[in-house]
1. Search the structure for amide H atoms under 5 Å from the amide H of E14, placed 1.01 Å from N in the peptide plane, and list their residues when 5 or more places away or on another chain.
2. Which of the lysines could a cross-linker bridge to K22, judged by Cα under 28 Å and excluding same-chain residues fewer than eight apart?
3. Once the Cα atoms of helix 42-54 and of the chain are each reduced to a long axis, what angle between those two axes, in degrees from 0 to 90 to the nearest 10, is obtained?
4. Rounded to two decimal places and with Rh computed the Kirkwood way over Cα pairs, what is Rg over Rh for segment 65-148?
5. Charges at C-beta only: +1 for Lys and Arg, -1 for Asp and Glu. How large is the resulting dipole of segment 1-88 about its Cα centre, in Debye rounded to 20?
6. Answer rounded, prolate or oblate for segment 79-127, using the Cα gyration tensor with square roots of eigenvalues a ≥ b ≥ c: rounded when a/c is under 1.5, else prolate when a/b is larger than b/c, else oblate.
7. Taking one equal scatterer on every alpha-carbon of segment 2-147, how large is log10 of I(q)/I(0) by Debye at q = 0.12, 0.18, 0.21 1/Å?
8. Among L119, H81, V64, pick out the residue whose Cα is farthest towards the positive end of the charge dipole of the chain, where Lys and Arg carry +1 and Asp and Glu carry -1 on C-beta, about the Cα centre.
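The values are calculated or read from the model by the stated rules, or taken from the named source; none is laboratory data. The shown structure was predicted, so the numbers you read here are calculated from the model rather than taken from an experiment. Cβ coordinates were reconstructed from backbone atoms using ideal geometry, including for glycine residues, and neighbour counts include every protein chain displayed. To get the accessible areas, we keep the full protein, side chains included, count just its heavy atoms, and leave off ligands, DNA and RNA. Shrake-Rupley method; radii C 1.70, N 1.55, O 1.52, S 1.80 Å.
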Amino acid sequence: NKLLTLAFVTRKSEVLLGLKKKGFGMGRWNGFGGKVEKGETISEAAKREMQEECGLIVDDFKKVGLLMFEFVGDPQLLEVHVFHSETFRGKCIETEEMRPMWYPLDGVPFDQMWPDDYLWFPHFLARNPFFGYITFQGMDNIVQSCLK
Ligand SMILES: Nc1[nH]c(=O)nc2c1ncn2[C@H]1C[C@H](O)[C@@H](COP(=O)(O)OP(=O)(O)OP(=O)(O)O)O1
């Protein structure tokens with residue numbers, strides 16, 4: 001499996017999302033994250049990617065979910081570890097990878113996000129740990145999904 005991180009910070013009733021400016025998922029709003037590199041733990045990767053992509057430093061990420069993505073025709077699964085923190089330091093900045101923006105928790109732009117996000121975001125908001133297995137055909141169509 002390809003190991004990836006996806007991390008969110010929240011403050012009061014807002015969540016920080018980033019518009020992905022290049023690469024996989026370009027043009028979609030999402031949390032911050034990327035590939036886990038050799039020699040680092042998954043939470044170290046979450047912290048590194050957060051800082052690389054929007055400048056914020058998070059010391060105490062909590063694991064909140066696990067998402068498995070299958071793409072029809074591709075034997076490699078994406079294993080995405082989802083993190084959350086309510087505390088962070090540093091200044092939020094736009095980077096080459098992401099344009100960050102705070103959204104109200106009840107007003108995230110699902111129509112401009114990965115189509116699976118509306119399935120698991122309610123669990124994230126309710127602070128329920130979640131596990132999902134989602135099968136995509138291409139980048140836009142979910143052909144099967146299971147969420148617990
Ligand atoms: N279906 C999906 N729903 C979702 O909400 N996030 C997803 C997703 N599929 C992938 N992601 C996230 C996980 C990770 O944070 C990010 C993709 O990782 P990367 O940023 O590493 O991709 P890139 O191709 O830009 O990587 P580089 O080649 O290192 O630039 O998208």
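1. Those qualifying (amide H under 5 Å, at least 5 residues apart or on another chain) are L105.
2. Output for K22: K2, K35, K38, K47, K62, K63, K91.
3. Taking the Cα atoms of the chain, the angle to 42-54 is about 60 degrees.
4. We get a ratio of 0.99 for segment 65-148.
5. With only Lys, Arg, Asp and Glu charged at Cβ, the dipole is about 240 debye.
6. On the way: a/c = 1.61, a/b = 1.35, b/c = 1.19.
Judged from the Cα gyration tensor, segment 79-127 comes out prolate (a/c at least 1.5, a/b above b/c).
7. Once normalised to I(0) and log-transformed, intensities are -0.45, -1.08, -1.53.
8. The listed residue farthest towards the positive side: V64.
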